Amino acid sequence: MKVFVISIHGERLMPCTCAKAKKLLKAKKAKVIKLYPFTIQLQFDCEDIVQPITIGIDSGFGNIGFSCVTEKEELISGTVILDGKTSERLTERAMYRRNRRNKLRYRKPRFLNRARPKGWLPPSIQRRYDTHLKTINLLKLVMPITKVIIEVGNFDIQKLENPTISGIDYQQGDMYEYQNMRSFLLSREKGKCQICGKEFTKTDSSHIHHIIERANGGSDRTKNLAILHKSCHKNLHKKNLKLKPNKTYKDATFMNIVKNFGMMLPI
């Protein structure tokens with residue numbers, strides 16, 4: 001474990017060991033200026049000699065791995081865990097905003113106020129992107145960083161779902177040649193209910209069910225929809241049963257956005 005060091009003039013120096021930092025503090029040759037990350041500032045002039053330090057970032061949807069190395073050793077490494085609660089916060093904020101607006105006797109109408117600026121990203125993606133930048137900038141505040149390397153990936157989501165896809169197939173989605181969503185779901189499940197497994201008859205009415213409720217951030221995409229008998233659908237909600245959601249590709253989508261959006265990180 002290393003202790004970050006700042007010179008008496010505010011310049012970033014090479015980290016030192018805990019034992020050396022303890023001696024400097026005990027001799028009152030340094031003072032603590034930050035607890036997280038633990039950083040000391042020297043109280044005397046020194047040569048201010050530093051070595052090149054490289055940050056390696058393993059970007060991800062749920063975790064961010066980082067490591068700072070010199071030519072000889074690794075100075076610090078760790079993982080930043082992202083909470084993924086942006087959607088919940090936005091829902092709560094919308095609830096309070098709606099409550100405030102309902103109490104107004106009159107509110108001047110506004111139009112065309114939903115324009116998105118250039119480079120706009122969805123809030124959940126923007127927060128994850130900003131966390132990557134914040135992690136890098138936090139390390140740059142306490143160490144003389146000379147180079148940043150970010151590992152990103154390029155994911156073909158359609159090929160992950162269908163390894164044999166090629167050519168014009170990329171332009172034809174799940175709903176291609178189907179009259180509506182119901183006909184697609186019936187074809188996908190081969191005319192069977194996803195709860196009881198029995199086939200639909202002419203007298204049976206089919207219901208479309210959201211596996212992840214819209215209130216909890218579920219979408220209308222085919223992977224989040226199930227086709228059920230009317231009675232099965234009622235029992236599902238009555239007994240509070242849950243269908244297993246299909247695999248999502250939020251992490252791969254995020255990595256593609258980060259790669260295409262680009263991280264401009266001036267040193």
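Observations
- When residues of region 27-47 are limited to those that are touching a helix residue (DSSP H, G or I) at 6+ places or on another chain (Cβ under 9 Å), assigned to a strand (DSSP E or B) and modelled with pLDDT of 90 or more, the one nearest to Gly10 (Cα to Cα): Leu42
- Top-ranked residue of region 207-235 - restricted to ones that are of a type in the set (A, V, I, L, M, F, W, C) and under 20 Å from Gly197 (Cβ atoms), ranked as surrounded by the most Cβ atoms within 10 Å (Cβ to Cβ): Ile227
The values are calculated or read from the model by the stated rules, or taken from the named source; none is laboratory data. In this text, all values refer to a predicted model and were calculated from it rather than measured experimentally. Note: ideal-geometry Cβ built from the backbone for every residue, glycine included; neighbour counts use all protein chains shown.
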